[in-house]
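Presented below is the structure to which this report refers.
The values are calculated or read from the model by the stated rules, or taken from the named source; none is laboratory data. In this text, all values refer to a predicted model and were calculated from it rather than measured experimentally. So basically every Cβ, Gly included, is an ideal-geometry build from the backbone, and we count neighbours across all protein chains shown.
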Amino acid sequence: MKILLAASMALMMAGASFAQETSSTSASDRGGSDPANYLNSPSVHQFYTDDSMTTLRSKEEIKAAWEAMSEEDQASLSTACEANTDPNRDELCLSMRTN
């Protein structure tokens, strides 16, 4: 009986551990901890008119999208733009500075 109890406890703990790992993958949707990745994340797509992220929206739309973002996403985008080395994201980062 003790072995069965120990085995079930081990399974419960493994499940909790798995749940923690799974929830951390949502951070990768925001680019994870690498600022360069954030500039290619789904959170940034809202600033562009196309899926290939080549044409920025209007200044008004960019401002509205910025204001709709959480403070965490705003901070992530600001950090990503400060560390940006991708010329394809220069225009977005420049627009973030002028808003």
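Quick notes on this structure:
- Of the helices (runs of 4 or more DSSP H) contained entirely in the chain, those carrying at least 1 residues that are modelled with pLDDT of 90 or more fall at 35-38, 42-45, 59-68, 71-82, 90-98.
- Flag for Asn84 being at negative phi, exposed (fewer than 14 other Cβ atoms within 10 Å of the Cβ) and either in contact with a strand residue (DSSP E or B) (Cβ under 9 Å, 6 or more places away or on another chain) or not hydrophobic (A, V, I, L, M, F, W, C) (or both): no
- Some residue of the range 55-68 being hydrophobic (A, V, I, L, M, F, W, C) and in contact with a Pro (Cβ under 7 Å, 6 or more places away or on another chain): no
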